[in-house]
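Written out below as structure tokens is the structure these notes cover.
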Amino acid sequence: YVTTFVSRADVVIIGTLIFVWVVYAAEDFGIDSTTAASKGAMVMLAMTFATLLSFPVVGILLDRLGRLPVLIGSLLTGGTGYCLLAMTGNPFSPILYLYACMIGIGFAGAVTGANTLASDAAPRHMLGGVMGGLTSMQPIGVLIFLQAGGFLFDRVGYWAPFALKGAADLACGLWIMAVRKRMEESKAE
């Protein structure tokens, strides 16, 4: 549930705040707002393409490597992409394509990993309720991260919502890693 709350807001956060950032910064870089919006759309297209290509690979990795390693790796990849995006001062830099692809790969792994893990762990008679609860976390995460991101964008700077989202992804991945280790240690005893 925590992973869904944190990770499923990615598309909305990038889709909203990249466009706001490129249009907001367009004049500083001598670009008209229409051209800036089209450049923002290209970054979104790169993320979407990376996500599309990642879903089948993630599915295979979930079966071969396991649910938790893929979930952790996905959260860390997406979080790193967000943090790198936050450190970029130019919204028109070609490196944004790489960071957006990292976020897209992280999104694909987190979504698929969380769904698969929840369906594996849920008792069959509760699968619908568990999946409904899992899916309900998405709009809650979107509302909170988008509201906080907009506030941070206006009050702190363009980089702040990306840093917040990156920190949340990284914290979630590290938390799952810590819980996983404790669970394995308690099983060994």
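The values are calculated or read from the model by the stated rules, or taken from the named source; none is laboratory data. Quantities reported herein were computed from a predicted structural model and do not represent experimental measurements. Cβ coordinates were reconstructed from backbone atoms using ideal geometry, including for glycine residues, and neighbour counts include every protein chain displayed. Calculation scope for accessible area: heavy atoms of the full protein, side chains included, ligands and nucleic acids excluded. Shrake-Rupley method; radii C 1.70, N 1.55, O 1.52, S 1.80 Å.
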Being within 27 Å of ALA46 (Cβ to Cβ) and small (Gly, Ala, Ser) narrows GLY157, GLY128 down to just GLY157
Checking the structure you have, find out if any residue of segment 102-113 is open to solvent by 60 Å² or more (accessible area, probe 1.4 Å), on the phi < 0 side of the Ramachandran plot, in contact (Cβ under 8 Å) with a residue 60 or more places away in the chain and in contact with a helix residue (DSSP H, G or I) (Cβ under 8 Å, 6 or more places away or on another chain).
no
Can you spot a residue in segment 68-85 that is over 14 Å from the mean Cα position of the chain (by Cα) and more than 19 Å from TYR1 (Cβ to Cβ)?
yes
For segment 49-75, name all the residues that are within 16 Å of ALA118 (Cβ to Cβ) and either basic (Lys, Arg) or not in a helix (DSSP H, G or I) (or both).
GLY66, ARG67
May I ask you to list the residues in segment 34-67 that are aliphatic (A, V, I, L, M), over 30 Å from PRO91 (Cβ atoms) and either in contact with a Ser or Thr (Cβ under 8 Å, 6 or more places away or on another chain) or surrounded by fewer than 17 Cβ atoms within 10 Å (Cβ to Cβ) (or both)?
ILE60, LEU62, LEU65
